[in-house]
Amino acid sequence: MATDFRSIPLIDIGPLVEKWDDPNPTQDQRVAQVVLQLDKACREAGFFYVTGHGIPDSIVKEIRSISRQFFDLPCDEKLKINLSPATGYRGYQRVGVNVTKGVFDMHEAIDCYKEVKPGMYGGLGEVMEGCNQWPSDPPRFKDLMEDYVNRCTELSRKILRGIALALGGPLDMFEGNIAGDPFWAVRIIGYPAVNGKQMPDAINDIGCGEHTDYGLLTLVNQDDDITALQVRNIDGEWIPAAPVPGTFVCNIGDMLKIMTNGIYESTVHRVMNNSAKYRVCVAYFYETNYDAVVEPLEMFVERSGGAKKLDGAVYGKYLVSKVLNTIVF
Ligand SMILES: N=C(N)NCCCC[C@H](N)C(=O)O
Ligand SMILES: O=C(O)CCC(=O)C(=O)O
Ligand SMILES: [Fe+2]
C-alpha cells in the first residue's frame with residue numbers, strides 16, 4: 001500500500017542520534033532535515049534505510065555470522081532449544097513450522113522476546129510467559145545477542161523520537177503507557193536457497209509470506225549479498241529492499257498505523273530467497289508496552305478528517321493471536 005514508490009529512501013540519522021535527548025532537537029537544522037525525511041519516508045513507503053545509526057558495523061556483522069554458525073549445526077543440535085507452548089513460544093523452529101496466511105514459510109528461526117515472568121500481565125501474558133532459549137553453541141551467542149538487543153532498543157527509541165517529531169506530536173508520544181516499557185521481539189532467521197541443493201523438497205519459494213509487522217518499528221539486519229526482502233507498493237508491485245551495507249532496513253508496524261489513524265501505514269512485505277545461497281537475517285521488533293491499549297490518537301483523527309478509521313488493539317492480545325496463528329506444530 002502506501003504510495004507508488006519505486007525505491008526505498010535512505011536516511012542518515014546521525015544528527016538525530018546525536019541530539020535525540022535534546023528538549024528541542026529540531027533547533028538544529030540537521031535534525032530538522034532528518035525529521036522531514038522521516039516524515040516523507042513514513043508517508044510514502046513505510047520503509048527506509050538508516051545510516052549513521054551508531055551501532056558498529058563489526059557488531060552488526062558478527063550477529064549475522066553467529067546466526068549462520070547456529071543454522072549450520074546438525075538438526076538434532078538445533079532442536080535442543082526447540083520452541084513450544086511450554087517455552088512461551090521462544091526458541092528454535094524448523095522449516096515448515098511458521099505459516100503465513102495458511103502457506104508454509106521456507107525459513108527456520110530462533111524467536112526471542114522480552115522476558116515475561118509468571119503472572120506479570122495476568123491472563124493477557126500467559127501464552128508468552130517464559131525465558132528465552134539460547135544455544136550453547138556458538139558459545140557467545142547469548143551474550144552477543146543480548147547486547148545487540150539492548151543496542152537495537154536504544155536505537156529504536158531514538159528513531160521513534162524522530163518519528164514523534166515528524167508527526168508533529170509530543171516528544172513523549174511513545175513513552176509512558178504506550179511504549180515506556182517497550183516489548184521487543186527478535187527473530188533470527190535462516191532462508192535456505194530453495195532452488196539449490198539446500199532444500200530439494202521445498203514446496204514453494206516463499207521465504208516468508210506477505211505480512212505487516214505488529215508493533216511500532218522493525219530494524220532488519222540482512223545479509224549484504226542477497227536481495228530477498230520485497231515491499232509492496234500501492235500498484236501491487238514488489239519493490240526490492242536490496243541490501244545496503246552498513247544500514248538497517250526500518251519499517252513501520254501495525255501499532256504505529258493504529259496510533260496515527262493510518263497517516264503512517266505498516267507496509268506489506270515478503271521474503272523470497274531465489275539466490276543459490278543460504279540467507280541470514282536478524283529482525284528486531286520494537287513494540288509498545290505488552291499491556292498497552294493502542295487507539296488512534298485524537299490529534300491524528302482530527303487531522304485525517306475527523307473519523308476514526310481503525311479499531312484499537314491491546315498489543316499483548318494482538319501479539320498472542322498472531323503467534324497462535326503463525327506457528328503450527
Ligand atoms: N513479532 C513480530 N513482529 N513478528 C513479525 C513476523 C511476521 C511473520 C509471520 N509469519 C506473520 O505472518 O505474521
Ligand atoms: O528477512 C527479512 O528480510 C525480513 C523478515 C521479516 O519481514 C519479518 O521477520 O518480519
Ligand atoms: Fe516483517
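The values are calculated or read from the model by the stated rules, or taken from the named source; none is laboratory data. All figures in this text were calculated on a predicted structure; none of them were measured in a lab. Note: ideal-geometry Cβ built from the backbone for every residue, glycine included; neighbour counts use all protein chains shown. Each accessible area value is taken on the protein alone, full model and side chains, heavy atoms only, with ligands, DNA and RNA left out. Shrake-Rupley method; radii C 1.70, N 1.55, O 1.52, S 1.80 Å.
Return the pair list, or none, for Cβ contacts closer than 8 Å from residues in segment 41-67 that are modelled with pLDDT of 95 or more to residues that are basic (K, R) and open to solvent by 30 Å² or more (accessible area, probe 1.4 Å), at least 6 apart or on different chains.
Pairs found: I55/R151; I59/R151; I66/R140.
Within 12 Å of ligand 2 (Cβ to nearest atom) and either open to solvent by less than 50 Å² (accessible area, probe 1.4 Å) or more than 25 Å from P56 (Cβ to Cβ) (or both), is that true of I239? Working first, answer last.
Details: within 12 Å of ligand 2 (Cβ to nearest atom): no; either open to solvent by less than 50 Å² (accessible area, probe 1.4 Å) or more than 25 Å from P56 (Cβ to Cβ) (or both): yes.
So I239 does not fit the description; no.
Does Y264 fit the bill of being buried (at least 16 other Cβ atoms within 10 Å of the Cβ), in contact with a Cys (Cβ under 7 Å, 6 or more places away or on another chain) and not in a loop (DSSP other than H, G, I, E, B)?
For Y264, the condition - buried (at least 16 other Cβ atoms within 10 Å of the Cβ), in contact with a Cys (Cβ under 7 Å, 6 or more places away or on another chain) and not in a loop (DSSP other than H, G, I, E, B) - is not met.
Can E77 be described as more than 21 Å from the chain's Cα centre (by Cα) and open to solvent by 50 Å² or more (accessible area, probe 1.4 Å)?
Numbers: more than 21 Å from the chain's Cα centre (by Cα): yes; open to solvent by 50 Å² or more (accessible area, probe 1.4 Å): yes.
Yes.
For segment 215-255, which fully contained strands (runs of 3 or more DSSP E) count at least 3 residues that are within 16 Å of ligand 1 (Cβ to nearest atom)? Give the derivation first.
Working: elements: 217-222, 229-232, 238-240, 248-252.
In segment 215-255, the matching strands (runs of 3 or more DSSP E) lie at 217-222, 229-232, 248-252.
Of the numbered conditions (1) open to solvent by 10 Å² or more (accessible area, probe 1.4 Å); (2) small (G, A, S); (3) part of a strand (DSSP E or B), S275 satisfies every one except a single condition; which is it?
The failed condition is (3).
Mind checking which pairs have a first residue in segment 90-102 that is in contact (Cβ under 8 Å) with a residue 40 or more places away in the chain and within 16 Å of ligand 3 (Cβ to nearest atom) and a second that is polar (S, T, N, Q) and open to solvent by 10 Å² or more (accessible area, probe 1.4 Å), Cβ under 7 Å, 6 or more apart or different chains?
Within 7 Å, the pairs are N98/T326; V99/T326; T100/T326.
Tell me, please, whether a residue that is buried (at least 17 other Cβ atoms within 10 Å of the Cβ) and in a helix (DSSP H, G or I) can be found in segment 129-140.
no
Tally the residues that are open to solvent by 20 Å² or more (accessible area, probe 1.4 Å) and more than 19 Å from G316 (Cβ to Cβ), restricting the search to segment 278-299.
Looking only at segment 278-299, we keep the residues that are open to solvent by 20 Å² or more (accessible area, probe 1.4 Å), and these are 278, 285, 291, 293, 295, 297-299.
If we keep only those that are more than 19 Å from G316 (Cβ to Cβ) too, we end up with 278, 297-299.
The number of residues fulfilling the criteria is 4.
For (1) farther than 28 Å from A164 by Cβ; (2) of a type in the set (G, A, S), each residue gets a yes or a no:
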{"residue": "G54", "(1), (2)": "no, yes"}
{"residue": "I66", "(1), (2)": "yes, no"}
{"residue": "F70", "(1), (2)": "yes, no"}
{"residue": "I81", "(1), (2)": "yes, no"}
{"residue": "C112", "(1), (2)": "no, no"}
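Which condition from (1) open to solvent by 30 Å² or more (accessible area, probe 1.4 Å); (2) out of contact with any Asp or Glu (no Cβ under 6 Å at 6 or more places or on another chain); (3) within 27 Å of D223 (Cα to Cα) is the one that R94 breaks?
Here R94 clears every test but (2).
Restricting the search to segment 119-128, which residues are touching a strand residue (DSSP E or B) at 6+ places or on another chain (Cβ under 9 Å) and either assigned to a strand (DSSP E or B) or open to solvent by 60 Å² or more (accessible area, probe 1.4 Å) (or both)?
The one that is touching a strand residue (DSSP E or B) at 6+ places or on another chain (Cβ under 9 Å) and either assigned to a strand (DSSP E or B) or open to solvent by 60 Å² or more (accessible area, probe 1.4 Å) (or both): E126.
Would you tally the residues in segment 1-16 being open to solvent by 30 Å² or more (accessible area, probe 1.4 Å) and under 19 Å from G168 (Cα atoms)?
Qualifying residue count, segment 1-16: 0.
Identify the residue in segment 18-52 that is polar (S, T, N, Q) and within 23 Å of V249 (Cβ to Cβ) and, among all such residues, is most open to solvent (accessible area, probe 1.4 Å).
The first filter runs over segment 18-52 and keeps only residues polar (S, T, N, Q), leaving 24, 26-27, 29, 33, 37, 51.
Within this subset, residues satisfying the condition of being within 23 Å of V249 (Cβ to Cβ) are 33, 37, 51.
Numbers: Q33: 97, Q37: 73, T51: 36 Å².
If we take residues in segment 18-52 being polar (S, T, N, Q) and within 23 Å of V249 (Cβ to Cβ), then Q33 is most open to solvent (accessible area, probe 1.4 Å).
Among the residues of segment 214-234, is any more than 10 Å from ligand 2 (Cβ to nearest atom), in contact with a Lys or Arg (Cβ under 7 Å, 6 or more places away or on another chain) and open to solvent by less than 40 Å² (accessible area, probe 1.4 Å)?
No, because not a single residue in segment 214-234 is more than 10 Å from ligand 2 (Cβ to nearest atom), in contact with a Lys or Arg (Cβ under 7 Å, 6 or more places away or on another chain) and open to solvent by less than 40 Å² (accessible area, probe 1.4 Å).
Which residue is nearest to ligand 2 (Cβ to nearest atom), if the candidates are limited to segment 292-329 and must be within 30 Å of D111 (Cα to Cα) and β-branched (V, I, T)?
Filtering segment 292-329 for residues within 30 Å of D111 (Cα to Cα) gives 292-296, 310-329.
Keeping just the survivors that are β-branched (V, I, T) gives 293-294, 314, 320, 323, 326-328.
Values: V293: 24, V294: 19, V314: 21, V320: 17, V323: 13, T326: 10, I327: 13, V328: 17 Å.
Of everything passing the filter in segment 292-329, T326 is nearest to ligand 2 (Cβ to nearest atom).
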